[in-house]
Amino acid sequence: MRNLANIYASIGRVGDALLLEKEVFEERKKLLGPDHRGTLGAMLNLLLTLEQLAMEEELKALAKIALPLYEKVYGAGHEDTLWISSLIK
């Protein structure tokens, strides 16, 4: 499904991509747990899509959830952690 979401986004169907990103994230969270790298990757993809759609409130809310998980798994200095941190400010 992630590949399909990429295709949708690349052809301008970002709304469809968003729906798939949300589904992938929720399924990975259920199957792998919230702090698994696969789940975090899906969360990052969702954040990127929310940013692309300028959905600021939802973006900030998810970033606040993502930041402590990214800090725990990847560390405070990781580029993705730093980017997520910048979304909250």
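Structure notes:
- Cβ-Cβ under 9 Å pairs, at least 6 apart or on other chains, segment 66-80 side under 14 Å from Gly38 (Cβ atoms), far side part of a loop (DSSP other than H, G, I, E, B) and not hydroxyl-bearing (Ser, Thr, Tyr): Leu69/Pro34; Leu69/Asp35; Tyr70/Ala76; Tyr70/His78; Val73/Asp35; Val73/His36
- Matching residues, segment 66-77, being on the phi < 0 side of the Ramachandran plot and surrounded by fewer than 14 Cβ atoms within 10 Å (Cβ to Cβ): Pro68, Lys72, Ala76, Gly77
- Scope segment 10-25; condition in a helix (DSSP H, G or I) and open to solvent by less than 80 Å² (accessible area, probe 1.4 Å); matching residues: Val14, Gly15, Asp16, Ala17, Leu18, Leu20, Glu21, Lys22, Val24, Phe25
- Where a residue in segment 8-33 is touching a residue at least 40 places away in the same chain (Cβ under 8 Å) and its partner, wherever it lies, is open to solvent by less than 60 Å² (accessible area, probe 1.4 Å), with Cβ under 6 Å and at least six apart: Ala9/Ala17
- Only a single criterion out of (1) in contact (Cβ under 8 Å) with a residue 12 or more places away in the chain; (2) part of a helix (DSSP H, G or I) is not satisfied by Glu58, namely (1).
- So Ala76, is it within 11 Å of the chain's Cα centre (by Cα) and modelled with pLDDT of 95 or more: no
- Residue among Arg37, Arg28 that is at pLDDT 95 or above, of a type outside the set (Phe, Trp, Tyr), within 13 Å of the chain's Cα centre (by Cα) and over 15 Å from Asp80 (Cα atoms): Arg28
- Only a single criterion out of (1) assigned to a helix (DSSP H, G or I); (2) exposed (fewer than 15 other Cβ atoms within 10 Å of the Cβ) is not satisfied by Thr39, namely (2).
The values are calculated or read from the model by the stated rules, or taken from the named source; none is laboratory data. What you see is a predicted model; the values in this text were computed from it and never measured. Methodologically, a virtual Cβ is constructed for each residue, glycine included, from the backbone with ideal geometry; neighbour enumeration extends over all protein chains shown. Areas reflect the complete protein model, heavy atoms only, side chains present, ligands, DNA and RNA absent. Shrake-Rupley method; radii C 1.70, N 1.55, O 1.52, S 1.80 Å.
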